[in-house]
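S.K.: What follows is a structure written as structure tokens; I'll ask about it next.
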Amino acid sequence: MFKTLVEAFKIKDLRKKIFLTLGLLLIYRIGCWIPCPGLNVSEFDTITSEGFMGLLSAVSGGALANGAILALGISPYISATIIVQLLTMAIPSWERLAREGGEEGRKRIGLYNRIAALILATVQAIAIVLSFNGIINAHMFGVTAPTWVIGMFVVIMLVAGSMFTYWIGEKITEIGVGQGVSLLIFVGILSTATNSILNSIINIFQGNLEDLWYLLVFLAVLVVVFAFIVWIDLAERKIPVQYAKQIKGRKMYGGQSTYIPVKINATGVMPIIFATTLLSFPQMIMSLVPAWRDAYLWYGTYMGAGSWPYLVVVALLILAFSYFWAQAQFDPERISKDIQRNGGFIPGLRAGKATSDYIRRIVNRMTLFGAIFLTIIFIVPSLLFKGFGADDTLINAFSTTGLLIVVSVAIEIDKSLQSQMLMRSHKGFLNK
């Protein structure tokens, strides 16, 4: 990847895109440190130290712990995307719009995403204001105002910050160096992890040699986990496809061999996001009702992130969502029809049902291995890091979602830059 970046900097157009992307990411990181007026930041540092709020703060690069104007980050948009995708699969008109609507259909689905993100950002902002006592600072800009007025102002600021974060992500995507939302999460996770590692190094220089042992073991485990994720992320099963020769007019087409790649982890991190979002949703609803405070605390204790019931339920949900997401993204019957329509066949199989059954069987097997991988990588790293004494901030930063996102985004950036450099080299060759 570093070699790709060095080569990309040699091309003026790509260098400009990289600098624009870095500028937008810098604006985002600055917004993660600007305190939101009306919030008591010291209280935020306490409520975001662990659990789901701690994970949310780690993904946002500490913006939530800082009580910043971009505290909500990109999480409302991620949840909105999941909901819209599920509704697209469930509502026939939305499904037709996504498949057959073309550019207009994608714009309409994008509008639905924005509306859902706005609604969820508002709900999350209200939940934060109502759930925790002492986070509202009645003295703002030297004026004392009623608590409910300050609360409304805080909700508006948090919602505006979330939508601004989404706008930055869209602009990065338009520039063309990777996917904007993924890059924002990527930078947030690396920022949180870097701050935690620097704190450990400072403690070591202050004479706490126990932190040196924890840091060395943590980094060793981290390298092994990263290598395992990259190995699985790049693994795939290739289904061979042979195309028969066809004569159309005076030209002959086909006669080549190709393959259909089926990745082990084709679903990516989506099943984990589905599972964790589903389990955190009841807690968010409970936080909106003051009378349910006891139920909120009970749920956070026995079904909160890191508890054994939570790990078991999430593992089962990951398995279920992996099959659901794989079937939604990889339709064996449609692929079989496309192969047959283009004059292709899988060697040793008849076209039609036999081909679709064969593809479905392979996809189900690969999905099972992928679900087992996601379950292992969800549970084991956090337990290992906690067992070796890593602090909660570092564990949240290098959670399963964080690890997978860091690896997948790094691979995505590398592939994006390579494809753009290859396209420019082809243009240069043709212009000669």
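The values are calculated or read from the model by the stated rules, or taken from the named source; none is laboratory data. The model shown is predicted, which means the values in this text are computed figures rather than measured ones. So basically every Cβ, Gly included, is an ideal-geometry build from the backbone, and we count neighbours across all protein chains shown.
S.K.: Select, from I335, I359, the only residue that is in contact (Cβ under 8 Å) with a residue 40 or more places away in the chain and either surrounded by fewer than 13 Cβ atoms within 10 Å (Cβ to Cβ) or touching a Pro at 6+ places or on another chain (Cβ under 9 Å) (or both).
M.R.: On the way: I335 fails: either surrounded by fewer than 13 Cβ atoms within 10 Å (Cβ to Cβ) or touching a Pro at 6+ places or on another chain (Cβ under 9 Å) (or both).
Sole residue among the options that is in contact (Cβ under 8 Å) with a residue 40 or more places away in the chain and either surrounded by fewer than 13 Cβ atoms within 10 Å (Cβ to Cβ) or touching a Pro at 6+ places or on another chain (Cβ under 9 Å) (or both): I359.
S.K.: Kindly indicate which of I83, I91 is on the phi < 0 side of the Ramachandran plot and in contact (Cβ under 8 Å) with a residue 24 or more places away in the chain.
M.R.: Working: I91 fails: in contact (Cβ under 8 Å) with a residue 24 or more places away in the chain.
One residue alone meets the criteria, I83.
S.K.: Is it true that some residue in the stretch 269-282 is over 22 Å from I78 (Cβ atoms), in contact (Cβ under 8 Å) with a residue 40 or more places away in the chain and surrounded by 14 or more Cβ atoms within 10 Å (Cβ to Cβ)? Steps first, answer last, please.
M.R.: We begin by selecting, within the stretch 269-282, every residue over 22 Å from I78 (Cβ atoms); these are none.
Among the residues of the stretch 269-282, not one is over 22 Å from I78 (Cβ atoms), in contact (Cβ under 8 Å) with a residue 40 or more places away in the chain and surrounded by 14 or more Cβ atoms within 10 Å (Cβ to Cβ), which makes the answer no.
S.K.: Are there any pairs, at least 6 apart or on different chains, whose C-beta atoms fall under 6 Å, with the first in the stretch 166-182 and within 18 Å of L118 (Cβ to Cβ) and the second assigned to a loop (DSSP other than H, G, I, E, B), and if so, which?
M.R.: Correct list of pairs: V181/I74.
S.K.: Just need a number here: residues in the stretch 95-108 that are over 15 Å from Q329 (Cβ atoms), surrounded by 10 or more Cβ atoms within 10 Å (Cβ to Cβ) and out of contact with any Gly (no Cβ under 9 Å at 6 or more places or on another chain). Break it down stepwise before answering.
M.R.: Initial filter on the stretch 95-108 (over 15 Å from Q329 (Cβ atoms)): 96-97, 100-108.
From what's left, surrounded by 10 or more Cβ atoms within 10 Å (Cβ to Cβ): 96-97, 101, 105-108.
Right, trim to out of contact with any Gly (no Cβ under 9 Å at 6 or more places or on another chain) and you get 101, 105-106.
Residues meeting the conditions: 3.
S.K.: Being over 20 Å from S196 (Cβ atoms), touching a Gly at 6+ places or on another chain (Cβ under 7 Å), modelled with pLDDT of 70 or more and not β-branched (V, I, T) is the filter here, so list the residues in the stretch 32-69 that pass it. Even if it seems obvious, please write down each step before you answer.
M.R.: Step one: list which residues in the stretch 32-69 are over 20 Å from S196 (Cβ atoms), which gives 34-40, 43, 69.
From the residues that got through so far, the ones that are touching a Gly at 6+ places or on another chain (Cβ under 7 Å) too are 35-36, 39-40, 43, 69.
Among the residues that remain, those that are also modelled with pLDDT of 70 or more are: 35-36, 39-40, 69.
Residues satisfying the conditions are P35, C36, L39, N40.
S.K.: If you check every pair at least six apart or on different chains, which have Cβ atoms under 7 Å apart with a residue in the stretch 217-245 that is aromatic (F, W, Y) first and a residue that is part of a strand (DSSP E or B) second?
M.R.: From the stretch 217-245, the pairs are Y243/G344.
S.K.: Taking into account only those residues within the stretch 237-268 that are of a type outside the set (K, R), loosely packed, with under 15 Cβ neighbours inside 10 Å and modelled with pLDDT of 75 or more, which is farthest from P347 (Cα to Cα)?
M.R.: To start, the set of residues in the stretch 237-268 that are of a type outside the set (K, R) comprises 239-244, 246-247, 249, 252-262, 264-268.
This time we only want the ones that are loosely packed, with under 15 Cβ neighbours inside 10 Å, so: 240, 244, 246-247, 249, 252-259, 261.
Subset that is modelled with pLDDT of 75 or more: 240, 257-259, 261.
Details: P240: 7, S257: 10, T258: 11, Y259: 11, P261: 16 Å.
Ranking the candidates gives P261 first.
S.K.: Quick one: is I27 at pLDDT 80 or above and over 20 Å from V123 (Cα atoms)?
M.R.: Values: at pLDDT 80 or above: yes; over 20 Å from V123 (Cα atoms): yes.
So I27 passes the test.
S.K.: Evaluate the following for V217: is it assigned to a helix (DSSP H, G or I), at pLDDT 70 or above, out of contact with any helix residue (DSSP H, G or I) (no Cβ under 8 Å at 6 or more places or on another chain) and surrounded by 16 or more Cβ atoms within 10 Å (Cβ to Cβ)?
M.R.: Working: assigned to a helix (DSSP H, G or I): yes; at pLDDT 70 or above: yes; out of contact with any helix residue (DSSP H, G or I) (no Cβ under 8 Å at 6 or more places or on another chain): yes; surrounded by 16 or more Cβ atoms within 10 Å (Cβ to Cβ): yes.
Yes, satisfied.
S.K.: Tally up the residues in the stretch 74-102 that are at pLDDT below 75 and more than 20 Å from F281 (Cβ to Cβ), please.
M.R.: Going through the stretch 74-102 one residue at a time, the tally reaches 5.
S.K.: Scan the stretch 197-214 for residues that are within 22 Å of V380 (Cα to Cα) and either outside any helix (DSSP H, G or I) or touching a Phe, Trp or Tyr at 6+ places or on another chain (Cβ under 9 Å) (or both) and jot them down.
M.R.: I197, W213, Y214
S.K.: Any chance you could count how many residues in the stretch 1-41 are under 21 Å from L184 (Cβ atoms) and either charged (D, E, K, R) or not in a helix (DSSP H, G or I) (or both)?
M.R.: Adding up the residues that qualify gives 9.
S.K.: Could you pull out every one of the helices (runs of 4 or more DSSP H) wholly within the stretch 282-372 that has 2 or more residues that are among the basic types (K, R)?
M.R.: Values: elements: 293-302, 308-329, 332-341.
Here the list reads 332-341.
S.K.: Anything in the stretch 338-356 that is touching a residue at least 24 places away in the same chain (Cβ under 8 Å) and either out of contact with any Asp or Glu (no Cβ under 7 Å at 6 or more places or on another chain) or at positive phi (or both)? List them, or say none.
M.R.: In the first step, residues of the stretch 338-356 are kept if they are touching a residue at least 24 places away in the same chain (Cβ under 8 Å); the result is 339, 342-347, 356.
Of everything in the stretch 338-356, those that are touching a residue at least 24 places away in the same chain (Cβ under 8 Å) and either out of contact with any Asp or Glu (no Cβ under 7 Å at 6 or more places or on another chain) or at positive phi (or both) turn out to be I339, N342, G343, G344, F345, I346, P347.
S.K.: Another question, then. May I ask you to list the residues in the stretch 149-194 that are farther than 24 Å from K17 by Cα and touching a Phe, Trp or Tyr at 6+ places or on another chain (Cβ under 7 Å)?
M.R.: Correct list: A193 only.
S.K.: Does any residue in the stretch 13-42 that is at positive phi come within less than 9 Å, Cβ to Cβ, of a residue that is part of a strand (DSSP E or B) six or more places away or on a different chain, and which pairs are these?
M.R.: Hits for this filter: G38/I136; G38/M140.
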